[in-house]
């Protein structure tokens, strides 16, 4: 990890904090309840990140497990809910995707021996999120609301998710391969960090520019 | 393999962005035309209403003039007649006679004004009769020979359309006589399968260069606006020393 990457990694946590703070400032302006949950989500993400960074000074805990079994699943389940249940208004889809995702944890038994795929459930989660992103994209493109895209919160969120989760999908899926090619790994790791920052900035923007009623 | 996958993702992303922008522009265009259409309809309705209100106001004033002021003037006229008849003050009888004459003159003017105002000509008469009357009036001046042809006997048009046709014809004739020093004006009003009516007016005057006309006259704009009220196609061609041709078509709405 070079200095540049270290610098962005340090910044990432503060950008997350910024997003959480902005969402709090706009907390009461959101008429729809689920945007308040988005606020909560950003706050929890920030706190988890803080805990992940300095938590080991307070207590002893298994950091990878904390992320793998709490933070990442929470991210996916929240976005499944936001996309499927709230934006696309298909609660059934949310239940189906969530069930598949949770069941995929059992696959760890099967893949325990060969760690070619970095994390099966992460890849699966990303793929399902990708489907939702595409569905959301189609919804936006074919709706007359496209005229007011800059006021649509989901536009910014969708863009952020695309850049971060979808963009880094090949990276995490083939992590074991990529790590052997230093150059590619370096570039892709920088992309991962930068897109993370962009995503949280877009989340902040969605609160500032997004129409409060939608 | 990984790079291919990543490149694939990247290309998909770019394509998605391009489609998004394209769709946005398309929707924007649709939205704009919709608004434009709405504005046009609104404008048209506004102008039509204006015309109707104008007509109603004129009739109201005309009736008021006739019923109120007219009656009073009649009374005044009667009194002066009586004064003359009684001949009490002989030295002013000549003056009284003068006053009586002025009053009678005013009464006559008032009656004719009231008649023009309340005249429901346009509503009651056929468009052909209306234009023919206008043509006859102009021909009486003998400054210009106007001919009028039409290829139908009867055409049911509503007030607004008749009004527009008549006013445009009047405007054109006035302009031709005033500015073009023409000798002949030819008016044709035809109806066909595609067009509900087509009005064609042509003069053989000195014409004008449209691109060169500085004032872009109010009369011209007026004619154009009137045609727009009823959604008719308006075209005016003019060439110096060759005359001016006006063509207005109202297509049949399917």
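So the values come out like this:
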{"item": "Selection from the stretch B:179-206 of residues that are modelled with pLDDT under 85 and under 21 Å from the mean Cα position of the chain (by Cα)", "result": "B:179, B:180"}
{"item": "Residue B:58, sole failed condition from (1) farther than 30 Å from residue B:232 by Cβ; (2) more than 14 Å from chain A (Cβ to nearest Cβ)", "result": "(1)"}
{"item": "Helices (runs of 4 or more DSSP H) fully within the stretch A:53-106 counting 2 or more residues that are buried (at least 18 other Cβ atoms within 10 Å of the Cβ)", "result": "A:72-80, A:91-103"}
{"item": "Entirely in the stretch A:121-214, the helices (runs of 4 or more DSSP H) that have 1 or more residues that are touching a helix residue (DSSP H, G or I) at 6+ places or on another chain (Cβ under 7 Å), under 16 Å from residue B:12 (Cβ atoms) and within 11 Å of another protein chain (Cβ to nearest Cβ)", "result": "A:153-161, A:169-173"}
{"item": "Residue, modelled with the highest pLDDT, within the stretch B:207-230, restricted to residues that are over 17 Å from residue B:170 (Cα atoms) and loosely packed, with under 13 Cβ neighbours inside 10 Å", "result": "B:209"}
{"item": "Any hit, the stretch A:118-134, residues being within 20 Å of residue B:21 (Cβ to Cβ) and either touching a residue at least 60 places away in the same chain (Cβ under 8 Å) or surrounded by fewer than 17 Cβ atoms within 10 Å (Cβ to Cβ) (or both)", "result": "yes"}
{"item": "Residue in the stretch B:148-166 that is within 33 Å of the chain's Cα centre (by Cα), free of Cβ contacts under 8 Å to residues at least 40 places away in the same chain and over 30 Å from residue B:193 (Cβ atoms) present", "result": "no"}
{"item": "Counted residues, the stretch B:137-147 - those being surrounded by 15 or more Cβ atoms within 10 Å (Cβ to Cβ) and either under 25 Å from residue B:59 (Cβ atoms) or over 20 Å from the mean Cα position of the chain (by Cα) (or both)", "result": "2"}
{"item": "Pairs, first under 14 Å from residue A:88 (Cβ atoms) in the stretch A:141-164, second part of a helix (DSSP H, G or I) and modelled with pLDDT under 85, C-beta under 6 Å, six or more apart", "result": "none"}
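Yes/no per residue for (1) within 32 Å of the chain's Cα centre (by Cα); (2) surrounded by 14 or more Cβ atoms within 10 Å (Cβ to Cβ); (3) within 29 Å of residue B:185 (Cα to Cα); (4) not assigned by TED's automatic domain parsing to the domain that holds residue B:169:
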site: B:43; (1), (2), (3), (4): yes, no, no, yes
site: B:84; (1), (2), (3), (4): no, yes, no, yes
site: B:88; (1), (2), (3), (4): no, no, no, yes
site: B:94; (1), (2), (3), (4): no, no, no, yes
site: B:135; (1), (2), (3), (4): yes, yes, yes, no
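So that you can scan it fast, the table gives a plain yes or no per residue for (1) within 29 Å of residue A:131 (Cα to Cα); (2) under 24 Å from the mean Cα position of the chain (by Cα):
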site	(1), (2)
B:1	yes, no
B:11	yes, no
B:20	yes, no
B:31	no, no
B:63	no, yes
B:79	no, no
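The values are calculated or read from the model by the stated rules, or taken from the named source; none is laboratory data. Keep in mind that what you see is a predicted model, and the values were worked out from it rather than measured. Please note: Cβ atoms are built from the backbone with ideal geometry, for glycine as well, and neighbour counts cover all protein chains shown.
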